[in-house]
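Read-outs: derived from the displayed coordinates by stated rules, not from any lab. Keep in mind the model is a prediction, meaning the values are calculated, not measured. FYI the Cβ positions are ideal-geometry reconstructions off the backbone, even for glycines, and counts take in every protein chain you see.
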Amino acid sequence: MNRPCIFCDIVDGRAPAEIVHRTEHLVVFPDIRPQAPVHLLIVPAKHIRSVNDLAPEDRPILADMLLAGKQMAQRFGISASGYKLVVNVERGGGQVIFHLHLHLIGGWQR
Ligand SMILES: [Zn+2]
């Protein structure tokens, strides 16, 4: 575990965040620097640095992350209009917090 990790702190309730969804494997909360009208972060409870650090046993976590993306898109009303599910990997890929997360981004006027 890499400490300090802000996402581990949010998962464990040691740092504040507006949790909008929680499952056995993950939490979902808004990005503090939203890039679109809807911008949520889908964050596994397990500390995994990036996609590069995924292991075969992480498959259930990944499935949960993608399904949470679908569910949150429905709840936030952007399923029909469309959205992006983005994973940035390491610094060159734009990753800022080194705890795996999936961005759900959408809600633009088109
Ligand atoms: Zn972490």
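General observations
- Among the residues of region 73-96, those identified as hydrophobic (A, V, I, L, M, F, W, C) and either within 15 Å of residue 52 (Cα to Cα) or under 13 Å from the mean Cα position of the chain (by Cα) (or both) are 73, 85, 86, 87, 89, 96.
- Residue 58 more than 24 Å from residue 81 (Cβ to Cβ), of a type outside the set (A, V, I, L, M) and within 11 Å of the ligand (Cβ to nearest atom): no
- Failed condition for residue 22, given (1) surrounded by 15 or more Cβ atoms within 10 Å (Cβ to Cβ); (2) over 16 Å from residue 87 (Cβ atoms); (3) charged (D, E, K, R): (1)
- The set of residues in region 62-71 being surrounded by 13 or more Cβ atoms within 10 Å (Cβ to Cβ), of a type in the set (A, V, I, L, M, F, W, C) and over 11 Å from the mean Cα position of the chain (by Cα) consists of 67 alone.
- Any hit, region 33-47, residues being within 11 Å of the chain's Cα centre (by Cα) and in a loop (DSSP other than H, G, I, E, B): yes
- Residue in region 31-38 that is surrounded by 19 or more Cβ atoms within 10 Å (Cβ to Cβ) and touching a strand residue (DSSP E or B) at 6+ places or on another chain (Cβ under 8 Å) present: yes
- Residue check, residue 14 closer than 18 Å to residue 103 by Cβ and either touching a helix residue (DSSP H, G or I) at 6+ places or on another chain (Cβ under 9 Å) or more than 16 Å from the ligand (Cβ to nearest atom) (or both): no
- The single residue among 72, 65 that is touching a residue at least 12 places away in the same chain (Cβ under 8 Å), in contact with a Leu (Cβ under 8 Å, 6 or more places away or on another chain) and within 15 Å of the ligand (Cβ to nearest atom) turns out to be 65.
- Residue check for residue 85: surrounded by 14 or more Cβ atoms within 10 Å (Cβ to Cβ) and at negative phi: yes
- Selection from region 89-110 of residues that are within 21 Å of residue 45 (Cβ to Cβ) and touching a residue at least 60 places away in the same chain (Cβ under 8 Å): 97, 98, 99, 101, 102, 103, 104
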